[in-house]
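The values are calculated or read from the model by the stated rules, or taken from the named source; none is laboratory data. This is a predicted model, so every value here is computed, not measured. In this analysis, Cβ positions are derived from the backbone assuming ideal geometry, glycine residues included, and neighbour counts consider all displayed protein chains.
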Amino acid sequence: MKIAVLLLAVLCVGALLYIRLAPSDPARWHTDPVTAPDPGDGGVRVEPGRVVSARAPRDLLATFDKAALAEPRAKRLAGSIDAGRITYVFRSRGFGFPDYLTVQALPHEGGSTLAVLSRLRFGLSDTGVNAARLDRMLERLGADMLIRR
């Protein structure tokens, strides 16, 4: 019985270490947010045209970048403002579960729009964490944003 408990404890610690330390492959996560598969209950997608701004795409993406990096435990995984697309990884406080968010700024009716794909890596549902994080970031973007729900 003691061996079974010890083995279970080692497996649990190993799984938690894997979650926290598993590398994030940019080739897997830095995808086009418009054409990538729907994240289902494990994330959120914002189609182009739902978030629009009078700003130029580069300026909108630069502002979004600042808003994203203001989130706790956020880091750029791939992309850049100059490339027009950035993927971030956000880790949960306790266990370090990674969530990935890819954003792309596109020209739209005299300004720009965002295409966003936010998704989890482990599990089936994020219990609304990705949507709440995205809402906070969009609030930081400024007064000239129009969010069409």
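At a glance:
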{"read-out": "Criterion violated by Thr35 - all others in (1) surrounded by 11 or more Cβ atoms within 10 Å (Cβ to Cβ); (2) at pLDDT 90 or above satisfied", "value": "(1)"}
{"read-out": "Subset tally (residues that are surrounded by fewer than 21 Cβ atoms within 10 Å (Cβ to Cβ), in contact (Cβ under 8 Å) with a residue 60 or more places away in the chain, assigned to a helix (DSSP H, G or I) and hydrophobic (A, V, I, L, M, F, W, C)) for the stretch 45-73", "value": "1"}
{"read-out": "Any hit, the stretch 86-102, residues being farther than 21 Å from Ala22 by Cα, crowded, with 16+ Cβ neighbours inside 10 Å, of a type outside the set (Ser, Thr, Tyr) and modelled with pLDDT of 90 or more", "value": "no"}
{"read-out": "Residues (modelled with pLDDT of 80 or more and either exposed (fewer than 11 other Cβ atoms within 10 Å of the Cβ) or in contact with a Gly (Cβ under 9 Å, 6 or more places away or on another chain) (or both)) located in the stretch 14-27", "value": "Pro23, Asp25, Pro26, Ala27"}
{"read-out": "Which numbered condition Asp135 misses (of (1) within 13 Å of Val46 (Cβ to Cβ); (2) surrounded by 14 or more Cβ atoms within 10 Å (Cβ to Cβ); (3) at pLDDT below 90; (4) of a type outside the set (Gly, Ala, Ser))", "value": "(2)"}
{"read-out": "Top-ranked residue in the stretch 1-13 [being surrounded by fewer than 10 Cβ atoms within 10 Å (Cβ to Cβ) and in a helix (DSSP H, G or I); ranked as modelled with the lowest pLDDT]", "value": "Val5"}
